[in-house]
Amino acid sequence: MIGLEMILAMVRVMALELWRDRAALVMTFLLPPLVFLIFSSVFAGATGEDIKPKLAVADLAQTETTGRLLKALLASSEIRAEAVTPATIAAVRARVKSGQADAGLVLRADPAAAGRPFLIIADPGRAVAAPLAQARVQQALVRAAPDAALRRSVDQIRPAIGDLTADQVDNLDMAASILRAKPPEATAGDLFDREDLLGARKGGAVIAYYAGAVLILFALFSAMQGALGLMDERRSGVADRLLSGVAGMGPVITGKFVFLVGQGLVQAVMIFATAQIVYGVAVVGHLGLWLPTTLATAICAAGLALGLVSICRTREQAQMLSTFVILILAAIGGSMVPRFLMPAWLQTVGWFTPHAWVIDAYQGILWRDATLSGVYKAWGVLTASGVVGLALAQTLARLSRR
Amino acid sequence: MTATPILTPTPILTVAGVVHAYGDKPVLRGVDLTLTPGEIYALLGPNGAGKTTLIKTICGRLRPDAGTVALKGQDPARVPAARACLGLAPQEIALYGHLTVAENLAAFASLAGIAAKAVPAAVERALTLTRTVDRAHVPIRHLSGGYQRRANIAAAIVHQPSLLILDEPTVGVDVDAREALDAVVRGLRDIGVAVLLVTHDLEQAGALADRVGFLRDGRMMLEGEPRALIAEAFGVQMEVLVELLAEPDAAGELRLAAEGLVRATRRAHLWTRLDVDGYAAAGRLDKRLRKAGLIPREIRVRQPSLQNLFTLVAERKQAA
């Protein structure tokens, strides 16, 4: 009973210290949902069709067809096109190089002509922009100048079918003029129908991914900050005072652990409430598995933080180590960049970080409707990591009596 | 006629022949020390004398290589419960800065094993004894240095220990705050708390301590009641203090040395010597110094202090 009161006393100390440090309070509870919102906005858009690259266009050919294409591009809602002046390759290159455009398009010749009439100018730093712009230009060409597209198609198959007869040429001209007069519907001729999974909102998988990714990132970061209190206690003499008492540092470390787990739970509530309210992620509907996952995540962050801080001798050492560990784990584990973008070997290495397990568990629960069999391993790994960290901190505290 | 037995108070702390070394470097070389209830013992010594190691052995954090430490008869290193009678106020302000004095005391009371129901009374008592009631609800970081020191002591006595260890309690406090701290320490002695005062402040030790001990190179060089020690060391000698108007040049320093005066470390332009002929010697000295162009601002005569004794012990040690 007395042991429990000691632990609760430490929990109260940490809660009051945090409550009265407004900057730390904001960092702990407001920053995570904010960062989550930013990450999910960025990456949810990045995986869908919301990206609208900025395209600098120069019409060197100045034909009637390129005029139509340019007009269509400027009017398109799927791309942010701008006609550069003067209309030169150099001007387009300058726009791309200065970052004012994501990619450049030079209309060198009429699209109905042979060869490659268009030039795409790409910035390797924005590699995804060029192919995306290319696809948008092709779509615009089909819609704005279907006649030119038809003539190019016929030119492409001519080596296979031989020269057209005079009648065929007449028919082609007629079809082209009809297409030009009345362009087909935007979706006509599409090869694909589309079905969205699970009826979820666009980007839901990435939102579930980043809810977990941001949670473990901040749970670990905040737990490290809280665990650094151990160093402050050593430096301020509080540890000397406690080590000279009956209880020693044991209840202090357990109290810190309990508080940090609670702190992690509150952070999770803040982040996932945001995910539910803003993006409609079905957190409440999956509460049965969400809760143990969140508890395991908080235990993992609290235990690892205490263990890591305990192996350091000074606050400076602990601060440096925690920054290093947090950043490396976040980078490898997928808190910064989605894991599916990583090379296979790095994805394998990622399983040695809690981040990968947390992300996988939350995505499984919230996106793939995983059952217990899909998440129990993650619970085991996370809880075990936290318990090992706590045990390390307790052991080192006992040894540090000297 | 029956003889009345002399009652010797049972020691709270007994340190007997304690030896400790870090690796092959000996730090404590057979230290003895006892403390009885209601006694203030000042442990003095230069840096590296072994004071911190001695405190750690008393607190049960270090097991001595030889000798014994007992708190109320129990070894604090082996029996954690023995440490219940011990309170430590470290040299630093060992408190949580964002918490108020009362909140700190409540936390340390709980961490010392006081049951939740008894905590408010324990806090109230510690606040009263350290005269911090009026600052009970002020966060530590907003308190003055003196109040922080008192709160530091309050946290050490909140669980009502029989032995209080004060490590450099007056570091960084002004004269008024030091007097207030001294009053707190005397108040604790008056209710029977044994106080082990570890300090460099010889003035405070002289004013407060019932007994002092000089620790040097891991040995207790001298131990006893301050006045008795001073009387034994200096007999009827008085300390003559000469404060000059200005810093002397090289020739002036030679002249002062010829008069047996040595530079006092406490203040600038202050020189001192011991003389059996106190006041008369001071008068003669004044004339001779003026004649040599060394104008005293003031010449005082007083009983030798612990500072003189400390210097003497150091000189003897060097000579040895």
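The values are calculated or read from the model by the stated rules, or taken from the named source; none is laboratory data. What you see is a predicted model, and the numbers here were worked out from it, not measured in a lab. No Cβ is skipped: glycine too gets one built from the backbone with ideal geometry, and neighbour counts run over all protein chains shown.
Key figures for this structure:
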| read-out | value |
| --- | --- |
| Boolean, B:Pro248 is touching a strand residue (DSSP E or B) at 6+ places or on another chain (Cβ under 6 Å) and crowded, with 17+ Cβ neighbours inside 10 Å | no |
| Checking B:Leu43 against (1) in a loop (DSSP other than H, G, I, E, B); (2) in contact with a strand residue (DSSP E or B) (Cβ under 6 Å, 6 or more places away or on another chain); (3) surrounded by 22 or more Cβ atoms within 10 Å (Cβ to Cβ), the condition it does not meet | (1) |
| Those residues of region B:212-237 which are surrounded by fewer than 20 Cβ atoms within 10 Å (Cβ to Cβ) and at positive phi, in sequence order | B:Asp217, B:Gly224, B:Gly235 |
| Those residues of region B:93-108 which are under 26 Å from B:Thr52 (Cβ atoms) and either hydroxyl-bearing (Ser, Thr, Tyr) or touching a residue at least 40 places away in the same chain (Cβ under 8 Å) (or both), in sequence order | B:Ile93, B:Ala94, B:Leu95, B:Tyr96, B:Gly97, B:Asn104, B:Leu105, B:Phe108 |
| Residue within region B:261-275 that is assigned to a helix (DSSP H, G or I), under 34 Å from the mean Cα position of the chain (by Cα) and in contact (Cβ under 8 Å) with a residue 40 or more places away in the chain present | no |
| Matching residues in region B:83-100 - criterion: being at the interface with another protein chain (Cβ under 7 Å from one of its Cβ atoms) and either assigned to a strand (DSSP E or B) or small (Gly, Ala, Ser) (or both) | B:Ala84, B:Leu86, B:Leu88, B:Ala94 |
| Among the residues listed as B:Ala107, B:Ala118, B:Ala136, B:Ala112, the single one being among the small types (Gly, Ala, Ser), more than 23 Å from B:Ser162 (Cβ to Cβ) and in the same structural domain as B:Ile191 (by TED's automatic domain parsing) | B:Ala136 |
| Residue in region A:344-356 that is part of a helix (DSSP H, G or I), closer than 25 Å to A:Ala227 by Cα and within 14 Å of chain B (Cβ to nearest Cβ) present | no |
| Hey, B:Ala106 more than 9 Å from chain A (Cβ to nearest Cβ) and over 24 Å from B:Val175 (Cβ atoms) or not | no |
| Which listed residue is away from chain A (no Cβ under 13 Å) and touching a residue at least 60 places away in the same chain (Cβ under 8 Å), from B:Lys25, B:Lys51 | B:Lys51 |
| Single residue of region A:220-277 satisfying the filter (touching a residue at least 12 places away in the same chain (Cβ under 8 Å) and not in a helix (DSSP H, G or I)) that is nearest to A:Leu34 (Cα to Cα) | A:Leu228 |
| Test result for A:Leu366, under 17 Å from the mean Cα position of the chain (by Cα) and assigned by TED's automatic domain parsing to the domain that holds A:Val284 | yes |
| All positions within region B:115-140 that are part of a loop (DSSP other than H, G, I, E, B) and not hydrophobic (A, V, I, L, M, F, W, C) | B:Thr130, B:Arg131, B:Thr132, B:His137 |
| Top-ranked residue of region B:109-139 - restricted to ones that are of a type in the set (Gly, Ala, Ser) and without any contact (Cβ under 8 Å) to a residue 24 or more places away in the chain, ranked as farthest from the other protein chains (Cβ to nearest Cβ) | B:Ala121 |
| Filtered residues of region B:160-180 (kept if among the aliphatic types (A, V, I, L, M) and either within 14 Å of chain A (Cβ to nearest Cβ) or closer than 21 Å to B:Lys51 by Cα (or both)) | B:Leu163, B:Leu164, B:Ile165, B:Leu166, B:Val171 |
| Residue that is modelled with the highest pLDDT [pool: residues in region A:379-402 that are within 14 Å of chain B (Cβ to nearest Cβ) and over 15 Å from A:Leu306 (Cβ atoms)] | A:Arg401 |
| In region A:279-302, the residues that are farther than 15 Å from A:Ser222 by Cα and among the hydrophobic types (A, V, I, L, M, F, W, C) | A:Val281, A:Ala282, A:Val283, A:Val284, A:Leu287, A:Leu289, A:Trp290, A:Leu291, A:Leu295, A:Ala296 |
| Hits in region B:276-320 (condition: closer than 23 Å to B:Arg227 by Cβ, touching a helix residue (DSSP H, G or I) at 6+ places or on another chain (Cβ under 8 Å) and part of a loop (DSSP other than H, G, I, E, B)) | B:Gln303, B:Pro304, B:Ser305 |
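Let's see how each residue does on (1) of a type in the set (Val, Ile, Thr); (2) within 14 Å of chain B (Cβ to nearest Cβ); (3) closer than 17 Å to A:Gly389 by Cα:
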residue	(1), (2), (3)
A:Met231	no, yes, yes
A:Lys256	no, yes, yes
A:Ala268	no, no, no
A:Ile277	yes, no, no
A:Gly285	no, no, no
A:Gly288	no, no, no
A:Ile299	yes, no, yes
A:Gly303	no, no, yes
